[in-house]
């Protein structure tokens with residue numbers, strides 16, 4: 001079972017062999033562990049180390065040779081780029097020129113002097129990582145962010161700390177020594193305070209590991225960790241998993257209920273902060289409203305708001321969609337189309353109009369398009385234009401043409417082949 005197949009619709013061959021060949025998948029990430037075993041035995045609960053002795057295991061994702069390309073052509077700016085040593089961050093003015101351009105010679109110097117180079121959100125700059133993060137995120141339904149850490153030998157970039165998100169560490173090249181300690185706050189609140197912890201307060205580690213090329217380390221959020229290089233440089237990637245928590249589901253359920261019930265929208269009593277005598281009254285009213293929430297909250301509304309957030313935060317991967325615009329004038333009833341890979345699609349019924357929401361766009365239509373838009377939102381396979389329900393032929397073609405232009409649909413490679421009569 002490959003992660004590529006977990007995308008919300010099948011990848012079209014028209015998207016190119018390069019994407020398919022470079023698609024690093026979740027099975028590869030966790031191999032030889034099965035997905036079910038990992039999520040049942042390790043997810044959120046305990047670290048996992050997977051040694052592989054396969055130096056080129058991650059070469060389809062990133063290599064040391066690619067670092068210069070990121071700096072030269074993608075031109076990351078702070079906070080996307082950080083230069084750190086022993087938790088001390090080098091001021092960007094040390095490696096940016098007066099005109100705002102990156103001074104590579106200063107980065108070379110900083111690296112040679114023991115600084116770790118960090119690139120945050122690397123999936124925004126590198127297509128193989130963008131494709132993997134897109135599919136990984138669609139599988140998990142949690143946000144996935146890729147970071148890069150490039151350290152010289154005999155160096156330490158960060159002091160002991162814990163993250164409020166789960167982390168997969170992929171050792172791409174070189175080696176690095178890691179120490180993992182028990183959490184002081186298991187499963188911390190996402191984006192809460194992350195203290196730097198003195199090494200004298202750590203005690204004995206749960207794990208002491210040297211990662212080699214091809215190895216993987218999974219660190220659940222809350223587990224204290226730190227790493228350093230010895231006689232080798234190190235290049236590792238991290239995939240940070242920023243989960244939607246039960247707290248988020250409850251908050252979104254409350255938000256949706258508040259839109260329907262004005263009791264949650266009423267103002268608190270005048271001067272409530274300075275009137276301790278009304279604390280009992282506030283407590284009673286609070287409990288009453290919590291009871292209303294427990295009775296009236298609708299999980300489908302909360303999931304709708306979380307889906308909206310996921311879609312808004314998803315950036316469509318580059319898949320040569322400009323070339324699709326040249327095909328619009330030739331679309332007819334027999335043309336076969338499909339949703340672009342990884343496009344989470346949400347149907348919205350707004351009483352007098354209907355819409356499709358997907359990464360990068362929300363498109364609205366008259367209510368007569370309801371059945372056709374519901375069909376498109378749910379379909380996961382290629383379909384012919386004439387398959388759209390409850391529309392005449394003219395509006396079937398117009399709808400598909402508009403959705404190709406709006407960047408939800410794309411024409412299949414054989415999309416113009418006609419079925420011969422008889």
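What follows is calculated from the coordinates using simple rules that are stated; it is not laboratory data. Bear in mind that the values here come from a model prediction, so they are computed numbers and not experimental data. With ideal geometry, Cβ positions are generated from the backbone for all residues, glycine too; neighbour counts draw on all protein chains shown.
One decimal place: the segment residue 63-residue 261 gains 65.9 nm when fully extended, by the rule 0.36 nm per residue minus the C-alpha distance. In terms of the mean number of neighbouring beta-carbon atoms within 10 Å, the peptides 315-321, 297-303 order highest first as 315-321, 297-303. You can think of it this way: the chain between residue 91 and residue 200 has 36.4 nm of extra reach, that is 0.36 nm per residue less the Cα-Cα gap. The modelled label-to-label distance between residue 105 and residue 208, using points 7 Å beyond Cα along the C-beta direction, is 4.3 nm. Sorted on the mean count of surrounding Cβ atoms within 10 Å across their residues, most packed first, peptides 77-84, 259-266 read 77-84, 259-266.
Full extension of the chain between residue 154 and residue 274 yields a length gain of 37.4 nm, computed as 0.36 nm times the residue separation minus the alpha carbon distance. Largest GNM mean-square fluctuation across 185, 194, 65, computed for the chain with C-alpha springs under 10 Å, falls on 65. Distance between the modelled labels on residue 192 and residue 75, one decimal in nanometres: 4.1 nm (7 Å Cα→Cβ projection).
Principal semi-axes of the equivalent ellipsoid, √(5λ) from the alpha carbon gyration tensor of the chain, are 41, 34, 20 Å from largest down. Across the alpha-carbon atoms of the stretch 3-242, the computed radius of gyration and Dmax are 17.8, 57 angstrom. Entry for the stretch 248-324 at q = 0.11, 0.13, 0.22, 0.27 Å⁻¹: log10 I(q)/I(0) = -0.47, -0.58, -1.00, -1.20, Debye formula applied to identical alpha-carbon scatterers, no solvent contribution. With each label modelled as a point 7 angstrom along the Cα→C-beta vector, the residue 43-residue 294 pair spans 2.8 nm.
Scattering from the stretch 306-422 was approximated by placing one identical point on each alpha carbon and applying the Debye formula without solvent; log10 I(q)/I(0) at 0.12 1/Å stands at -0.41. Using a Förster distance of 51 angstrom, determine the FRET efficiency expected from the C-beta separation of residue 112 and residue 361, and round it to 0.05. It comes out at approximately 0.65.
Using just the helices of the chain, give the 222 nm mean residue ellipticity in deg cm²/dmol: DSSP H runs with n ≥ 4 each add -39,500 (n - 2.57), and the total is spread over all residues, rounded to 500. Helix-only estimate at 222 nm: -8000 deg cm²/dmol.
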